[in-house]
Structures are given as structure tokens and as C-alpha cells.
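The values are calculated or read from the model by the stated rules, or taken from the named source; none is laboratory data. Remember, it's a predicted structure, so these values are computed and weren't measured experimentally. Note: ideal-geometry Cβ built from the backbone for every residue, glycine included; neighbour counts use all protein chains shown. All accessible areas refer to the heavy atoms of the entire protein, side chains included, with ligands and DNA or RNA removed. Shrake-Rupley method; radii C 1.70, N 1.55, O 1.52, S 1.80 Å.
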Amino acid sequence: MAEHMDPEEFRRAGHAAVDWIADYWATLGQRPVTSHDPPGALAAALPTGPTAQGEPVEALLADLDTLVAPRLTHWQHPSFFGYFPANISGPSVLGDLISSGLGVQGMLWATSPACTELETVVLDWLAGLLDLPQRFRSTGSGGGVIQDSASSATLVATLAALHRASGGRWRDTGIDRRYRAYTSSQGHSSIEKAARIAGLGLDGVRVIDVDPETLAMRPDALREAIRADLAAGDVPAIVVATIGTTSTTAIDPLPEIGAICAELGVWLHVDAAYAGAAAVCPELRWSHVGLEYADSYCFDPHKWLLTGFDCDAFWVADRGELIEALTVLPEYLHNAATETGAVIDYRDWQVPLGRRFRALKLWFVLRWYGVEGLRTHIRSGVALADRFADRVQADDRFALAAPHPFSLVCFRLAAGDEASAELLSRVNATGRVFLTHTRVAGRYTLRLAVGSPLTTQAHVDEAWELLSEAVEKLPASHE
Ligand SMILES: *Cc1c(COP(=O)(O)O)cnc(C)c1O
């Protein structure tokens, strides 16, 4: 075999790999959604090290079929309803493949101009598509950037907020006072992680109560917590509000929260990791009311907008603050374009220095689907979730556990927590569906999240039938 894979060999093997993916997608619905092998099954089936001489790609693909694929959780399976399903699509994979093929580093404009410029343009497109406030666009004071995940977006927002709250001192002196972050009891765990990494500590995170019905942050409780911290001489640095919480897709009241942040001078970051994609549909934009107050905002196209992980779209209203907080310029990165101040250097917008050409996959998705194609995907998810929720509501044995504004339905059995947990374990054991759970007001709750582009009405109906049959067979003690 050649020392390196030459372009002709790559072409041949590449076709085989693309065929493998196409076959995988074509047969996905026939596979069990999850593997039921015990831990260590794959490790036991693999040799202890690589062969001395290279092997052909065909040998790898064969092992993928027999060893790896059967032990995967199939995140794109049409009956995968857990967490928030993967949202891969053909155009996304192709854009990502080309990004890999190009192998460029986009840390500076100068290290690959098109990598930076396409990202800026695509994020402006996306801001237009979601009808985000004008100040998030690169044509104004703000701009967008692709982060790996919403967790990174929250961390970067926290660092910029610290920079502002410290009057610019934080960058040089580090944490000099007790800075505080605020989020609701339903906020994502990445907020706590960001606060720990940023040096606020777990005690620096103030957990704000939610309304028991809507599970949305209570603005009065937020105001009280900020006031109390100010009175104690602490510095409120950032409020993280959520559009579409991970547990139940609750929506924090941005108009009230935003007004409090504006009045008290606190950075407002809005985390719409999953539900942000809904704003491509005009009829769902009510969920983003009040966003004009936000200093930063993010959502994950990899959660509901047909793009492969990792792709978090993050915008700031004032790019100057973010860049000041994070900029570094070692001698070996000095270049004429940066010195003119006329270009964006995305290394100052994120934690790592290096960065992939992730805008390609997003560009492929936006262009291949077009605005209407994206809307159709979101609308299909919402309609399927509504259909499922109607079934739940019409059946006395079940109850809805929270509102379902998007494509996640939270529900439980009237018979109680133990019965609900047993039901989840039994339907998942069939291998024909996969759901996950949460707790709502302390009560065990099942979650059915629709998201895979392969999911149709028949898959949602089958999920309902499996649940309904499994309830029949639950031991009487649960009734
Ligand atoms: C999923 C989720 C996150 C974390 O997303 P990653 O992109 O995986 O880091 C953050 N916030 C909310 C509300 C989420 O649902």
C-alpha cells in the first residue's frame, strides 16, 4: 500500500465510506434504537493494538458493521425520542466532510480569510432568519460566531460579563470581588460549570425560583436576589435566562428579566440551545419576545436545525467587550490585517485558539434546505409533539407534566413515580423506542422529544402504542 492515501485511493475509499453512511441511514429504522450489551463488550471484541502493516478501508468498514454499529445508541433513529435528538442531515455531513478535507485553521482572518468571512455572513443570515435584534448583526455593534457547544457560549458570555462588571479589571487582576451569576432552578448545568471555571465558584451561582405552573424564572425573585447581593457588597455579573429549558422547554419571561438587567446593569445571556431554532418560524417567535434586552444569545443548530454536532451559534450585542475580555496576541500571530482593525479574528471570541471551518456545514444546510425547508422541519416536530400530547391528554392513565410549546412532551402516569419509572424502563427495553426522563416538581416524568428528520407520524404513533400496551402489563401494585 502507498505511504499515504493518495487522491485516487481516497476517491475510491471515500465513495465506499459515503455508501456506508447512506446504507446506515437507509436501514436505521430497522435497528434497535439502543444496544443492550453489557459494559466492556466492544473492548473485549477488539484486538489489543493496531496491526504492524496498514489495513484497507474495507476492513475498517466491515468492523464498523459487525463490532461498532450494533453497540451504538442510534441518535438519528426515527424512534429516538430521548434528550434532544441528533439533527444530522445530508448537507451538514457533506459540508463537514469538505471542512475536514480542507483542514484549515480559522483562528485569525489572515490564517484563512474565507473561513472567517463565511462564518460572519452565515451568522448574519441566521440572525435574519431568526429575526434577532439588529444589534446582534456584524453590520452593527455585534456579531455572531460558532462555538462548539452552548456550554462554551455560556462560559464566554460569563467571561465577557466579568470583564464588564469589573470595569475592565478582571482581565488583569482576576477575581477581586464576589461576582454573582443568576439563573433559574431549571437553568442548564453548564451555567454552574461556567461559573466554576470562571472563578465565581458554586456559591457564586444564585438559583432563582420558578413559577410552579410554567417552570419559568420568577422576575420578582430575581430582583430580590440581585438586590440582596448588592446590599451585601457583592457584584451581580450575569443573568442567564433560558428559552426552552432542557428539562421541560420552559421559557423565562425575557421582557421582565431584561428590564431588571438593564436597570441594574447586569449582563443578560439568553440560552436557547434547543428552542432557538423554533424562531425560524414566524408563528413561534413569541418565544423570543424581550430578546432586545440580551447582551448575548445562543442556540444550537445541532439540536434542532439539521446540523451535525458541534455547532452552537452565539451572538453578542457589543463585540468590543467580548474581544477586550479574551484577546491575546503573541508575536507569532502578528499580521498586517489584524493591525488594520478591519478584520474579525475569531480566536478572540472563544476559549481555544484554533478553530475548524464549521461555517461550511451550516452554509450547506441553509442553502440546501432554504428558509421554507427549515421551517417545514420545525413545524413537523411541533405537530408530531402536539399529536402525541393529545393522546396523553385523552387517556386517564396519563397526565401531561408541563406545557409543550415546542417538540418536547413531558408526561407521567397517574399511578405515580414508581409506575412511571417502570414504564420507561419497559418501553426502552423493547429496543423499538428510546425515551428519557426528568423530574418536574419532584415527580418522575417521561420526556418524548421529536427531532430526527427521519421521524414520521407512524413512529410517534408507535411510541404511543408501545407505551399504552406497556401500561396494561404493569404489575397491579403500581395501579
Ligand atoms: C443542551 C443544552 C445546553 C448544552 O448544550 P451543549 O451544546 O451540548 O453544550 C445548554 N443549555 C440548554 C438549555 C440545553 O438544552
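Okay, here's what the table says:
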read-out: Any hit, the range 253-262, residues being touching a Leu at 6+ places or on another chain (Cβ under 9 Å), of a type outside the set (D, E) and within 13 Å of the ligand (Cβ to nearest atom); value: no
read-out: Test: residue in the range 194-207 that is surrounded by fewer than 21 Cβ atoms within 10 Å (Cβ to Cβ), within 16 Å of the ligand (Cβ to nearest atom), free of Cβ contacts under 8 Å to residues at least 40 places away in the same chain and assigned to a helix (DSSP H, G or I); value: yes
read-out: Wholly enclosed strands (runs of 3 or more DSSP E) of the range 367-469 bearing at least 1 residues within 13 Å of F80 (Cα to Cα) and small (G, A, S); value: 443-449
read-out: Of all residues making up the range 396-411, the number that are farther than 27 Å from C281 by Cα and open to solvent by less than 30 Å² (accessible area, probe 1.4 Å); value: 1
read-out: Test: residue in the range 333-354 that is among the small types (G, A, S), within 21 Å of C298 (Cα to Cα), open to solvent by 20 Å² or more (accessible area, probe 1.4 Å) and assigned to a loop (DSSP other than H, G, I, E, B); value: yes
read-out: Hits in the range 238-266 - residues which are touching a helix residue (DSSP H, G or I) at 6+ places or on another chain (Cβ under 7 Å) and part of a loop (DSSP other than H, G, I, E, B); value: G244, T249, P253, V266
read-out: Only listed residue being in the same structural domain as D345 (by TED's automatic domain parsing), modelled with pLDDT under 95 and open to solvent by 10 Å² or more (accessible area, probe 1.4 Å), chosen from G174, G128; value: G174
read-out: Answer residue from the range 77-123, given it is within 16 Å of the ligand (Cβ to nearest atom) and polar (S, T, N, Q) and is farthest from S138 (Cα to Cα) among those; value: N87
read-out: Subset of the range 135-183 that is among the small types (G, A, S), part of a helix (DSSP H, G or I) and touching an Asp or Glu at 6+ places or on another chain (Cβ under 7 Å) - its residue that is farthest from the ligand (Cβ to nearest atom); value: A160
read-out: From L118, L42, residue being assigned to a helix (DSSP H, G or I), aliphatic (A, V, I, L, M) and either touching a residue at least 40 places away in the same chain (Cβ under 8 Å) or crowded, with 18+ Cβ neighbours inside 10 Å (or both); value: L118
read-out: Pick from the range 423-463, criterion in contact with a strand residue (DSSP E or B) (Cβ under 9 Å, 6 or more places away or on another chain) and over 21 Å from W75 (Cβ atoms), ranking: most open to solvent (accessible area, probe 1.4 Å); value: R439
read-out: Scope the range 83-122; condition aliphatic (A, V, I, L, M) and under 30 Å from E339 (Cα atoms); matching residues; value: L102, V104, M107, L108, A110, A114, L118, V121, V122
read-out: Enumeration of residues in the range 273-324 that are open to solvent by less than 10 Å² (accessible area, probe 1.4 Å), away from the ligand (no atom under 12 Å from the Cβ) and of a type in the set (G, A, S); value: A278, A279, S287, G290, A294, S296, G308, A317
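Rundown of residues vs (1) under 22 Å from L448 (Cα atoms); (2) among the hydrophobic types (A, V, I, L, M, F, W, C), yes/no style:
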position	(1), (2)
T214	yes, no
V239	no, yes
T245	yes, no
V266	no, yes
A278	yes, yes
C281	yes, yes
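Table: residues versus (1) under 19 Å from the mean Cα position of the chain (by Cα); (2) loosely packed, with under 13 Cβ neighbours inside 10 Å.
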| residue | (1), (2) |
| --- | --- |
| L46 | no, yes |
| T51 | no, yes |
| L60 | no, no |
| L64 | no, no |
| V68 | no, no |
| L72 | no, no |
| F80 | yes, no |
| P85 | yes, no |
